[in-house]
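Okay, structure first, notes after.
The values are calculated or read from the model by the stated rules, or taken from the named source; none is laboratory data. Just so it is clear, the model here is predicted, and its values are computed rather than measured. For neighbour counting, all protein chains shown are included, and Cβ atoms are generated from backbone atoms with ideal geometry for every residue, glycine included. Protein only, heavy atoms only, side chains kept; ligands, DNA and RNA dropped before computing areas. Shrake-Rupley method; radii C 1.70, N 1.55, O 1.52, S 1.80 Å.
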Amino acid sequence: MGDLDDYGIPGLVQWLSSPPAPFSAAPNVTHISSKVNVLSNETSGRGVYATQNVSAKETLVRIPHSFLMNTNTIIKHISRFNGKESVPDLGYSVLLPSEYTTDQWTELYAKIPISKWLQLTAFQRTALYICLEKKRKENSFWCAFISSLPKLEELDFAPIVWEVESELTGSKAADFFELLPRSSRNHAKKVLVRFNEDYTAVSEFLTAAKSEPLNKMEFLWAWMCINSRCLYMSFPSSKAEADNFTLAPYVDFLNHDCDEKCAIKIDSRGFLVISCVDHAAGQELLFSYGPHSNEFLLCEYAFTMETNKWNNLDVSHHIEGIMNDAQKSFLREQGYYGDYTISETGGISFRTQVALATIQEREPAQSRRLNLLIQGYNDGESYKSVSKSLIRRILNEVVAECGTMSARLESSKNGRILQIQRLYSDMEHIATVTLDGLEEW
Ligand SMILES: C[S@@+](CC[C@H](N)C(=O)[O-])C[C@H]1O[C@@H](n2cnc3c(N)ncnc32)[C@H](O)[C@@H]1O
């Protein structure tokens with residue numbers, strides 16, 4: 001385990017625990033239990049570890065609302081420079097520093113009305129704010145937090161980084177993108193579209209304010225920090241569900257596990273981390289980022305796990321390839337088009353079963369048994385035999401494709417390639433397990 005001085009953890013803890021007035025006098029102060037510490041390991045970077053035995057239900061960390069970076073606190077900070085804040089009060093006490101150092105960036109804040117800031121999505125606004133506050137260095141209230149964020153190199157397994165790196169430097173990193181399994185590549189492309197939309201919106205925002213543009217790589221760093229570290233937090237003023245998030249210093253050092261070992265909770269005192277199970281000294285405290293497959297984890301958060309119970313095999317491309325137009329439009333009308341998956345634990349999804357059944361109908365809209373299957377009044381037994389042979393053929397194709405790709409990637413020691421290889425081996429594993437159990441299906 002590594003020494004973390006170079007990540008600025010002591011500085012972060014100091015900032016959170018003994019901030020200047022008026023924070024020091026606030027009733028709801030930071031709590032970081034003496035039973036936990038941030039350490040680092042090679043696989044998952046920094047993480048929170050128990051330094052002593054911890055019992056279930058202990059509150060280990062509490063970060064007050066004033067230290068959470070989100071739509072509410074950002075607008076409150078910016079509006080110090082340009083008039084009245086326009087975020088509804090959530091009833092949480094958010095303190096602002098009594099003294100601000102002004103600089104060219106606070107001049108920019110002063111120039112842009114809050115109504116314009118609110119036209120950006122919360123994600124765009126937060127990414128821009130992090131980039132600007134980073135430039136303010138020690139002048140920024142958030143300096144210790146921003147220094148604690150990972151470097152872009154630590155998010156190097158995210159396919160979006162490969163693509164943007166290629167675009168900006170002319171490197172061959174985008175070639176890795178093409179090696180991804182088809183469904184992962186599609187997911188990664190969607191992430192890239194989201195990122196480019198955000199970068200365009202923020203660039204236009206800065207141009208309108210006659211400010212200098214942001215470097216795309218710098219914006220990517222801030223964007224990926226948010227994407228891989230944000231936590232759900234509801235804001236009544238949010239225009240979209242995706243705006244309901246916060247960044248929470250220190251809490252964001254918790255690494256992911258498929259099973260919840262810790263819970264996070266928000267109340268009027270701030271963001272809390274509570275242990276769900278007993279932890280022995282030395283054990284890592286983990287919480288679940290959600291039921292995410294390795295494909296999702298890689299594309300969104302830049303990592304995969306050796307074993308992941310949420311992995312699934314996406315066979316949409318294979319299934320869609322054997323459907324005719326009538327079958328496709330029937331499934332679209334029914335809300336069952338696309339996203340055909342198989343998982344080790346859940347087997348062949350109902351959605352996939354509906355698609356396999358539809359392929360067996362010449363005029364699906366007229367088929368009583370198919371409509372009864374969709375409505376849940378028919379168990380689909382009459383479709384099973386043909387469905388089995390269709391799925392067997394598809395899974396054999398998947399196994400062959402994974403074998404070819406694994407042989408192609410086998411000798412590489414490149415970390416990105418190893419992540420890609422893991423995706424193929426996850427796919428092969430699910431395909432093989434499903435084929436083995438197909439007779440009993
Ligand atoms: C919320 S942060 C957790 C703290 C992070 N390890 C750090 O050093 O700042 C999420 C990032 O941690 C890493 N991570 C989290 N859980 C992991 C796991 N189970 N295996 C590998 N990496 C993990 C990934 O890089 C992910 O983008």
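Restricted to helices (runs of 4 or more DSSP H) entirely inside region 129-214, those with at least 1 residues that are touching a His at 6+ places or on another chain (Cβ under 6 Å) are 182-208. Leu331 fulfils the conditions (1) within 24 Å of the chain's Cα centre (by Cα); (2) in a helix (DSSP H, G or I); (3) aliphatic (A, V, I, L, M) except for a single criterion, (1).
The set of residues in region 328-349 that are touching a helix residue (DSSP H, G or I) at 6+ places or on another chain (Cβ under 9 Å) and closer than 23 Å to Glu295 by Cβ comprises Leu331, Tyr336, Tyr337, Gly338, Asp339, Tyr340, Thr341, Ile342, Ser343, Glu344, Gly347, Ile348. Here is the figure for region 140-183: residues that are polar (S, T, N, Q), surrounded by 15 or more Cβ atoms within 10 Å (Cβ to Cβ), away from the ligand (no atom under 16 Å from the Cβ) and more than 18 Å from the chain's Cα centre (by Cα) total 2. Listed by first and then second residue, the pairs with beta-carbon distance under 9 Å, at least 6 apart or on different chains, first residue in region 243-258 and closer than 16 Å to Ile74 by Cβ and at pLDDT below 95, second within 10 Å of the ligand (Cβ to nearest atom) and not aliphatic (A, V, I, L, M), form an empty list.
Listed by first and then second residue, the pairs linking a residue in region 288-310 that is more than 20 Å from Trp223 (Cβ to Cβ) to a residue that is β-branched (Val, Ile, Thr) and within 11 Å of the ligand (Cβ to nearest atom), with Cβ atoms under 6 Å apart and 6 or more places separating them unless they lie on different chains, are Asn294/Thr304.
Among the residues that make up region 56-65, is at least one of them open to solvent by 30 Å² or more (accessible area, probe 1.4 Å) and either touching an Asp or Glu at 6+ places or on another chain (Cβ under 7 Å) or within 16 Å of the ligand (Cβ to nearest atom) (or both)? Yes.
Among residues of region 85-128 being β-branched (Val, Ile, Thr), part of a helix (DSSP H, G or I) and buried (at least 19 other Cβ atoms within 10 Å of the Cβ), the one that is modelled with the highest pLDDT is Thr126. From the list Asn294, Asn227, Asn244, Asn255, the lone residue that is open to solvent by less than 40 Å² (accessible area, probe 1.4 Å), more than 16 Å from the ligand (Cβ to nearest atom), under 27 Å from Phe157 (Cα atoms) and within 14 Å of the chain's Cα centre (by Cα) is Asn244. Among the conditions (1) in contact with a Phe, Trp or Tyr (Cβ under 7 Å, 6 or more places away or on another chain); (2) surrounded by fewer than 18 Cβ atoms within 10 Å (Cβ to Cβ); (3) at pLDDT 95 or above, the only one that Gly321 does not satisfy is (1). Of all residues in region 297-318, those that are surrounded by fewer than 20 Cβ atoms within 10 Å (Cβ to Cβ), more than 14 Å from the ligand (Cβ to nearest atom) and polar (S, T, N, Q) total 1. In region 342-355 there is at least one residue matching the filter, namely being farther than 16 Å from Leu313 by Cβ and in a helix (DSSP H, G or I).
The set of residues in region 16-54 that are open to solvent by 60 Å² or more (accessible area, probe 1.4 Å), of a type in the set (Ser, Thr, Tyr), away from the ligand (no atom under 15 Å from the Cβ) and at pLDDT 90 or above comprises Ser34, Thr51.
Set side by side, the residues Gly346, Gly270 differ, and just one is open to solvent by less than 10 Å² (accessible area, probe 1.4 Å), at pLDDT below 95, of a type outside the set (A, V, I, L, M) and away from the ligand (no atom under 16 Å from the Cβ), which is Gly270.
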